[in-house]
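Notes for the one structure printed next.
Values quoted throughout were computed directly from the atomic coordinates according to the rules given, and no laboratory measurement underlies them. Everything quoted here is computed from the prediction, not taken from an experiment. Don't worry about glycine lacking a Cβ; one is built from the backbone with ideal geometry, like all the others, and counts go over all protein chains shown.
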Amino acid sequence: MKKLLILLVIALAFASCKQSKESEYVINGNAEDVHNGVRVRLAQINEKGKQVIKDSAVIMDGKFTIKGAVEEPGVYFLSADGTPGNVVFMLENSNINIDFNSKAPMDSKVTGSESNKSYEDFQNGMLVFRKEGEAIMTKFKELGQEPAPKTRDSIKKVMEDMRQRQMAYPLSFVQDNNDSYFSLNLIQLESSRPTFDIVKYKEVFESFPTHLKESKRGKIVKQRLDELYKKYEKIAYLEVGKIAPDFESKTPEGETVSLKDLKGKVTIIDFWAAWCGPCRRENPNVVKVYEQYHDKGLEIIGISLDGAPNQKDPKKAWLNAIEKDGLEWNHLSSLMYFNDPVAKQYNIQSIPATYILDEEGKIVAKNLRGAALELKIKELLGNP
């Protein structure tokens with residue numbers, strides 16, 4: 001009986017020690033090339049997207065230690081005063097070692113966090129895209145200033161294909177890693193992007209195990225997804241594959257023009273404004289596409305969001321921009337800024353914004369610029 005009690009006490013002590021270890025984190029840092037007295041800071045992004053300092057420590061003799069506890073694993077940032085960037089890693093309650101790279105903190109080595117392995121896998125996948133893009137650009141530069149049109153178009157297509165795969169990678173990663181705390185964090189980070197596919201991300205979130213969905217982070221992510229899905233339901237008629245809703249507005253001369261007037265044509269609906277710097281910088285590319293494909297059936301409707309509060313004469317600014325930028329296509333506007341009825345109908349929150357329609361009036365792409373816009377029109381209408 002006495003031996004049994006001793007064994008029980010030992011077992012309880014062991015269990016108690018184990019519980020203590022799992023209920024806190026200890027970050028042991030090595031920063032041998034950093035001066036004594038430099039402070040390192042541990043931070044996290046809050047629900048408003050702001051970085052908040054959670055703790056800090058001072059480096060002495062190339063070492064630092066930060067202790068604490070987290071309710072569940074999450075993405076954290078570690079920085080040192082006077083060094084560029086952050087160490088990004090998954091913090092959990094465990095013994096974590098960080099070999100701090102003062103010249104490139106992002107390249108620091110983090111060990112001891114199981115959930116961080118998922119983050120490292122994601123970063124390695126992104127690194128593949130970065131190297132692929134660098135290789136494409138190197139090849140493009142080797143061709144000189146004026147490569148043959150077919151070669152240039154071929155490289156543009158390869159680059160655009162790589163960019164599309166890179167944009168799709170986060171969703172693909174989450175689908176393949178739906179049992180990871182990092183995937184929860186990734187969904188939250190991606191949800192702020194304009195290209196966020198709420199339908200697919202909501203679907204993959206439902207495939208997460210219960211303990212992740214019911215975690216603190218899981219509940220935050222679910223709330224975010226539910227909010228975005230409600231907004232999506234209101235504008236689902238604007239999704240790719242839907243017939244673009246008809247509209248009408250006034251030309252500078254006061255004539256009424258509607259979208260249905262251009263039915264049967266591949267059409268770009270281009271939301272822009274004279275006051276919009278990015279729009280004006282993109283205009284030369286749109287002009288180039290129009291000149292190449294107008295004779296093959298391309299039409300453009302420019303919807304101006306001029307009428308900003310600080311514009312003294314919005315109509316004059318609109319007309320001057322049309323003339324200066326050489327925009328020789330259909331132009332419409334109510335000069336009501338973002339209250340323009342067409343802009344509201346098409347849920348325009350920022351500009352430049354584009355909708356690309358096929359000959360049947362179906363939305364085939366949105367918000368394409370530069371080479372991506374040119375390639376899509378080429379796909380629809382063939383070589384100029």
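Go ahead and set up a Gaussian network model of the chain, Cα springs under 10 Å, then flag whichever of Asn367, Asn30, Asn46 fluctuates most. Of the options given, Asn46 has the highest mean-square fluctuation.
What value, in deg cm²/dmol to 500, does the helix sum -39500 (n - 2.57) over DSSP H runs of n ≥ 4 give at 222 nm once divided by the residues of the chain?
On the way: 11 runs with 164 residues, N = 384.
My calculation for the chain gives -14000 deg cm²/dmol from helical runs alone.
Across the alpha-carbon atoms of segment 96-239, the computed radius of gyration and Dmax are 19.2, 57 angstrom. For the chain, the normalised intensity computed at q = 0.06, 0.12 Å⁻¹ comes to -0.36, -1.08 (log10 of I(q)/I(0), Debye sum over alpha carbons, equal scatterers, no solvent). Placing R0 at 30 angstrom, the Cβ-Cβ distance between Lys250 and Gln292 gives a FRET efficiency of 0.55 after rounding to 0.05.
Think of the chain as having a plus end and a minus end, set by charges on the Cβ of Lys, Arg, Asp and Glu; of Ser183, Asn310, Leu238, Ser183 sits farthest toward the positive end of this dipole. Its Cα centre serving as origin, segment 34-164 has a Cβ charge dipole (Lys and Arg +1, Asp and Glu -1) of approximately 420 debye.
Of the residues Gly29, Gly297, Gly82, the one that moves most in a GNM of the chain with alpha-carbon contacts below 10 Å is Gly82.
Ranked by the mean number of other Cβ atoms within 10 Å of their residues, highest first, the peptides 58-64, 87-93 come out as 87-93, 58-64. Compared with the dominant Cα axis of the chain, that is its longest principal axis, helix 116-142 is turned about 40°.
Measuring nothing but how far apart in sequence close Cα pairs (under 8 Å, 6+ apart) lie, relative to its length, the chain scores a relative contact order of 11 percent. What the phi angles of segment 74-82 give under the Karplus curve with 6.51, -1.76 and 1.60, with θ = phi - 60°, is a coupling list of x, 7, 10, 10, 10, 9, 10, 3, x Hz, glycine and proline written as x.
The three principal axes of the Cα atoms in segment 158-205 give end-to-end lengths of 33, 20, 16 Å, sorted in falling order. The HN-Hα couplings worked out from phi for segment 58-66 by the Karplus form 6.51 cos²θ - 1.76 cosθ + 1.60 (θ = phi - 60°) are 9, 6, 9, 6, x, 10, 8, 9, 10 Hz, whole numbers, x standing for Gly and Pro. Over the Cα atoms of segment 98-146, each weighted equally, I'd like the Debye log10 I(q)/I(0) at q = 0.28, 0.30 Å⁻¹, rounded to two decimals. Result of the Debye calculation: -1.02, -1.06.
Applying the Karplus relation 6.51 cos²θ - 1.76 cosθ + 1.60 with θ = phi - 60° to segment 174-191 yields 3J(HN,Hα) values of 4, 4, 7, 10, 7, 10, 10, 4, 4, 4, 4, 5, 5, 4, 4, 5, 5, 5 Hz, where x marks Gly and Pro.
Computed packing ranks the peptides 288-295, 204-211 as 288-295, 204-211, most packed first, by mean other Cβ atoms within 10 Å. Counting only the Cα atoms, segment 54-175 fills a convex hull of 135 Å³ per residue.
Averaging 1/r over each pair of different alpha-carbon atoms in segment 187-273 and inverting the result gives 16.2 Å, the Kirkwood hydrodynamic radius. Largest GNM mean-square fluctuation among Ala104, Ala343, Ala371, using the chain with Cα springs under 10 Å: Ala104.
Near the amide H of Tyr25, within less than 5 Å, lie the amide hydrogens of Gly68, Ala69, Val70, Ser94, all on another chain or at least 5 residues away, with H placed in the peptide plane. For the chain, the residue among Gly326, Asn95, Phe205 whose Cα projects farthest onto the positive side of the dipole built from Cβ charges is Asn95.
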